[in-house]
Each structure stands twice: as structure tokens, then as C-alpha cells.
1. Using label points projected 7 Å from each Cα along Cα→Cβ, tell me how many nm separate residue 20 and residue 35, to one decimal.
2. Run the quick spin-label model on residue 57 and residue 4: label points 7 Å from Cα toward the beta carbon, then report their separation in nm to one decimal.
3. Mean residue ellipticity at 222 nm from the helices of the chain, using -39,500 (n - 2.57) per DSSP H segment of n ≥ 4 over the full residue count, to the nearest 500 deg cm²/dmol?
4. For the chain, list log₁₀ I(q)/I(0) at each q in 0.12, 0.15 Å⁻¹, using the Debye formula over Cα point scatterers of equal strength and ignoring solvent, two decimals each.
């Protein structure tokens, strides 16, 4: 599975210091999301599956999320892009930049 750039990609998250040789840059869409009258910063990434991964996904219908550390951030797995998922709740897409 590889992270991919999309038409909405406007930011790249880079590896934390010390992990540069082990972690890929991650193209993301950075945006502000309005939900229940609250505005939150958010990011979305798109991942392309290999044929072998797609075969396993079709068989198991299961996706695993793995994170470094001892916590699990809030996530919203989806098959929809940010515009399809949130539509009117999407306040603005932030300007292009790089973060780590």
C-alpha cells in the first residue's frame, strides 16, 4: 500500500527526526472541518492498494491501522475523498506546505 497524491493534496507530512530512513513522506489534504458548530483542523491521506492487498481486502473485508507510540488518534477510515465525505462541512482547504 502506498500513499498517493490527489488533486486535493496540498501538504506533505515528513518523517519525525531520526525516522527519515524508515518513514515515507505522506501527501495529505489539510483542511478545516465544521461539525456541530465547531471548526477543527483535519488531514486526509489517500492510499493505493496493490493487487495482492486488494485481493486480501476483498476476502477479509478488514483494514488494520497501525500507529507508532502508545496511543491511537481519532480516525475516520473512508472510501470517499474529502469532498465526497464532508461536502458542505468542509470549510476551507489550507494552503500548500510541509510539516513533520
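1. Inter-label distance under the simple model: 3.5 nm.
2. 1.0
3. Value at 222 nm, helices only: -4000 deg cm²/dmol.
4. For the requested q values the scattering log ratios are -0.48, -0.75.
Rule-based calculations on the coordinates, nothing more; no lab input. Everything quoted here is computed from the prediction, not taken from an experiment. Glycine gets a Cβ as well: all are built from the backbone with ideal geometry, and neighbour counts include every protein chain shown.
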